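The structure appears below as structure tokens.
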Amino acid sequence: MSEISFTGTAFYEFLKEHKLMGSRCPHCGAVYAPPRPFCPTCMAADLEWVELSGAGKLASYSVIAIAPTAMLEAGYGRENLYCSGVVELAEGTRISAQILGVDVAHPENIVIGTPVKVAFIERGEGEARKTFLGFEVIA
């Protein structure tokens, strides 16, 4: 797997396989998601792929009504709000994604620190089918 470049394309290919992948620095141990080709902590350039657990906690969030095109196409917008958030993964890195299982009609009830787990969101049909990263609240 080390021969696969640390690109957005590679990251999304792993998502299709329902794998949350990041990069880890073999020198200082820092983990990054999405993956990076070099370590900004120690400047090493020989990072390795690592599969992340997908467990984490909600670090921040925003309930969104004015959606970008991709989310409009998925059915979100002023009449169907969604939550986007930053998740601090168990491995220590943070990543942004859609947050599922929260009450977007009452954002005051969404709690920072809530445990979440990775969710792979499938949208589209046939050749247009894509997998997106999400996290869902652990009940």
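The values are calculated or read from the model by the stated rules, or taken from the named source; none is laboratory data. Computed from a predicted structure; not experimentally measured. Here the Cβ is made from the backbone with ideal geometry for all residues, glycine too, and neighbour counts use every protein chain on show. When the accessible area is computed, the model is the full protein with side chains, heavy atoms only, and any ligands, DNA or RNA have been set aside. Shrake-Rupley method; radii C 1.70, N 1.55, O 1.52, S 1.80 Å.
General observations
- Tail fraction, Cα-Cα pairs, region 24-100, threshold 14 Å, whole percent: 65
- Value of [θ]222 nm, deg cm²/dmol, for the chain, DSSP H segments ≥ 4, -39500 (n - 2.57) each, nearest 500: -2500 deg cm²/dmol
- Heavy atoms of GLU51 accessible to a 1.4 Å probe, total area in Å² rounded to 10: 110
- With the alpha-carbon atoms of the chain aligned to their principal axes, the span from lowest to highest coordinate is 47, 37, 25 Å, starting with the largest.
- Taking every protein chain into account, the 1.4 Å probe leaves ARG123 with about 50 Å² of accessible area, to the nearest ten.
- Distant-in-sequence amide contacts of ALA119, defined by a placed amide H-H separation under 5 Å and a gap of 5 or more residues or a different chain, comprise GLY134, PHE135, GLU136.
- A simple spin-label model places the labels of ILE121 and ALA90 2.3 nm from each other, with each point 7 Å out along Cα-to-Cβ.
- Full extension of the chain segment joining ALA70 with LEU100 gains 9.1 nm, where the gain is 0.36 nm per residue of separation less the Cα-Cα distance.
- When +1 charges are put on Lys and Arg Cβ atoms and -1 charges on Asp and Glu Cβ atoms, the dipole computed for region 46-139 relative to its Cα centre reaches about 220 debye.
- Nonlocal amide H pairs with TYR61, under 5 Å, H built at 1.01 Å: VAL86
- Built amide H within the under 5 Å cut-off of ALA30, gap 5+: CYS25
- Shape category assigned to region 85-138 from the gyration tensor of Cα positions, a/c cut at 1.5: oblate
- Placing R0 at 25 angstrom, the Cβ-Cβ distance between GLU79 and ILE138 gives a FRET efficiency of 0.35 after rounding to 0.05.
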